[in-house]
Amino acid sequence: MEKIKVNKDMCIGCGACTAICSDVFQFNDEGYAMVNNENCDFNALDDNTKNDVMDALEGCPVGAISKEEEN
Ligand code: F3S
């Protein structure tokens, strides 16, 4: 599976990802982004949501979002 991750040490809380794709990203109590469902498999998302995730990944100003292959 491919997991979507937010590096909390890098996130500056700009909110681009939560604005683009609130299905996948939300703010935590500290005002930084997190993935709603940490077990979410990118490959299982519908095409629209995949596009939104990629827009968020590419649009994050500090590159805090990544997609990583995991078994
Ligand atoms: Fe943080 Fe980047 Fe989202 S800075 S709030 S992970 S767009």
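FYI, it's all coordinate maths here, none of it is from the lab. Since the model is a prediction, treat every value here as computed from it, not as a measurement. Cβ: placed from backbone, ideal geometry, glycine included. Neighbour counts: every protein chain shown.
One table, with the values for the structure above:
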| item | result |
| --- | --- |
| For the chain, size of Cβ-based charge dipole, Lys and Arg +1, Asp and Glu -1, in debye | 180 |
| Rg to Rh, two decimals, where the chain supplies the alpha carbon set and Rh follows Kirkwood | 0.92 |
| Separation of the Lys5 and Asp55 label points, Cα + 7 Å toward Cβ, nm | 2.6 |
| Extension reserve of the Asn43-Glu69 stretch, reckoned as 0.36 nm per residue once the Cα distance is removed | 8.3 nm |
| C-alpha long axis of helix 47-59 to longest principal axis of the chain, angle in ° | 40 |
| Positive-end extreme of charge dipole, the chain - chosen from Cys21, Cys11, Thr49 (charges on Cβ) | Cys11 |
